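Here's the structure, in structure tokens; my notes come after.
Laboratory data are not the source of any read-out in this text; all were calculated from the coordinates shown. Keep in mind it's a predicted model, so treat the numbers as computed, not measured. Glycine gets a Cβ as well: all are built from the backbone with ideal geometry, and neighbour counts include every protein chain shown.
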Amino acid sequence: MPTSSPTILVVDDTEHVLSLERRVLEDAGFTVVTAGTGAEALAQAGQHKLDLVLLDVVLPDVDGLTLIQRLRELTTAPIILASGKRTAGAEKAEGLQLGADDYITKPFTPSVLVARVRNILRRVGYRF
């Protein structure tokens with residue numbers, strides 16, 4: 001069972017959303033690294049041992065669904081997709097089929113975000 005604080009990569013191109021997600025996750029006891037673009041996300045994934053990725057689907061430089069495949073080359077960390085724009089059932093199914101472990105629709109409450117993160121991290125051995 002892992003003993004250190006889980007490290008979460010939060011990827012979102014909207015600064016206030018990124019800041020809010022970071023604060024919520026840090027307040028819940030997680031270590032958080034952030035990225036505003038797909039390129040930054042790949043760089044962070046190459047520099048950190050990640051326990052989970054919270055990935056916005058709509059990014060300025062690459063589609064989040066495409067980014068999943070590139071992240072999978074760098075990490076086996078579970079991925080939660082998040083989107084307020086691409087919320088149709090077919091898009092959610094596509095994200096899950098491409099390797100995401102969960103798909104959360106924005107806006108979401110902080111408690112739901114933390115609960116989903118903890119639920120997925122329990123599957124890899126963390127206890128909360």
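Points worth noting:
- Translational diffusion of segment 7-122, µm² s⁻¹ [Kirkwood Rh, Cα pairs; Stokes-Einstein; 10 °C; 1.306 mPa s]: 116
- Counted without the sites themselves, the longest stretch of the chain free of trypsin sites (Lys or Arg not before Pro) in a DSSP loop having at most 11 other beta carbon atoms within 10 Å is 1-48.
- Long-range HN-HN contacts of TYR103 with modeled amide H, under 5 Å: LEU81
- With the helix formula -39500 (n - 2.57) applied to DSSP H stretches of n ≥ 4, the chain reaches a computed 222 nm mean residue ellipticity of -13000 deg cm²/dmol.
- Here VAL57, VAL10, VAL124 are placed in order of increasing Cβ neighbour count within 10 Å, fewest first, which gives VAL124, VAL57, VAL10.
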